[in-house]
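Below is one structure, written out as structure tokens; comments come after it.
The values are calculated or read from the model by the stated rules, or taken from the named source; none is laboratory data. Please read all numbers here as calculations on a predicted model, not as lab measurements. Every residue, glycine among them, receives a Cβ derived from its backbone with ideal geometry; neighbour counts consider all protein chains shown. We work out accessible area using only protein heavy atoms, side chains counted, and drop any ligands, DNA or RNA first. Shrake-Rupley method; radii C 1.70, N 1.55, O 1.52, S 1.80 Å.
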Amino acid sequence: MSRIHLAATLTLVASLAPHLSAQWPRFSVPNVPKTADGKINYDAPAPKTSDGKPDLSGVWETVPCRGCAVPIISGLGSAPPAGRGAAPAAPAAPAARPPASGNVFGNIGGQTEGGAPYQPWAADLVKKRMADNSKDNPDAHCLPMGIMQLNSHPFPRKIIQTPSEVLIIYEGSGTTVREIFLDGRSLPGKDAEQWWNGYSVGRWEGDTLVVETTGFMDDGWLDVRGSPLTSEGKVVERFRRTSYGNLELTVTIDDPKAYTKPFSAVIQNRLAPDLQLSEFVCIDKDAAHYIGRK
């Protein structure tokens, strides 16, 4: 079993216990479109808000491709608990993913021909981090993972949309909350305090929510292997709810300090209308779930 697979599996096993015994009872939100045989119609038209924008609200899980079900981590055995959908995919299970999907949680350059376009120093850093079994990943030390690990994480996220801002709550990192402001404000200047997940503002371009984020702390991790994100970086996310049950997120990373050119990744999400986020508290501060105990 690879290190990445092991880390994801152990983390998932530890976190499934609350879902099995203390999660919210199964509850289906109203007005869910159904097919003729009574199943959820994930391909029904995307809902709209009162102001006519696509409604991105809901609990979403990462999937290998549009229309795919949420995969089960190999090695966990039986089906997942009722009300939660299938168990999330381990980042090192390429056989469960179509080659075109690319595993950006484990490797941000997985969809880029030739891999992420690292600057020489960044390529050397990633090699070192991989040789160290990613023991310094912020996730291994109960620190914020950063936007890309959160966006592609196997644990779900909840989007709450209002006309003036969008909130994203990520279960996979101590229920981290991001604020994306839609009220016309500008991004802070270079003298702003640097944040783990930066500062985010958004705007609508037709049916696509475009989010720009800057102001990152140096030495961020874009993926499990340790691809860096620096304070010079800018991340642009494009959210498109292509149908009732499908949300496509295209992310472009532009960080000239760490990469020779901008590059992009696409993350597909599937709606989980009867799933509620679970409280997640990180208590393992010694990275044992990455490198094992000696």
Check your understanding: With point charges of +1 on the Cβ of Lys and Arg and -1 on the Cβ of Asp and Glu, referenced to the Cα centre of segment 187-254, which listed residue (188, 202, 247) lies farthest in the positive direction of the dipole?
Key -> 247
Point to revise | In Å², nearest 10: area of residue 105 left accessible to a 1.4 Å probe | key: 20
Review point. Under the classification rounded if a/c is under 1.5, otherwise prolate if a/b is larger than b/c and oblate if not, where does segment 169-294 fall, given a ≥ b ≥ c as square roots of the Cα gyration tensor eigenvalues?
Key: oblate
Exercise for review: Identify all lysines with a Cα-Cα distance to residue 128 below 29 Å; exclude those on the same chain that are fewer than 8 residues away in sequence.
Suggested key: 234, 257, 261, 285, 294
Review point. Round to a whole number: what % of the accessible area of segment 218-257 belongs to carbon and sulfur, probe 1.4 Å?
Key: 40
Study note, to complete from the structure: Under the 7 Å Cα-to-Cβ spin-label approximation, residue 44 and residue 282 lie apart by a distance in nanometres of 3.7
Practice item. Among the aspartates and glutamates, select those whose C-alpha is under 15 Å from the C-alpha of residue 34, and discard any that sit fewer than 8 residues away in the same chain. Key: 43, 274
Point to revise | Label point distance in nm, residue 119-residue 24, each placed 7 Å from Cα along Cα→Cβ | key: 4.4
**Study point:** 12 Å Cα-Cα reach of residue 190 towards aspartates and glutamates, excluding residues that sit fewer than 8 places from it in its own chain
**Key:** 232
Practice item. Grab the Cα-Cα distance for residue 35 and residue 141, subtract it from 0.36 nm times how many residues apart they are, and report the gain in nm with one decimal. Key: 33.7 nm
Review point. Once fully extended, how much extra length lies between residue 208 and residue 55, figured as 0.36 nm per residue of separation less the alpha-carbon to alpha-carbon distance?
Key: 54.0 nm
Revision key, fill the gap. Counting only protein heavy atoms and leaving out ligands, DNA and RNA, the solvent-accessible surface of residue 195 at a 1.4 Å probe, in Å² to the nearest 10, equals 120
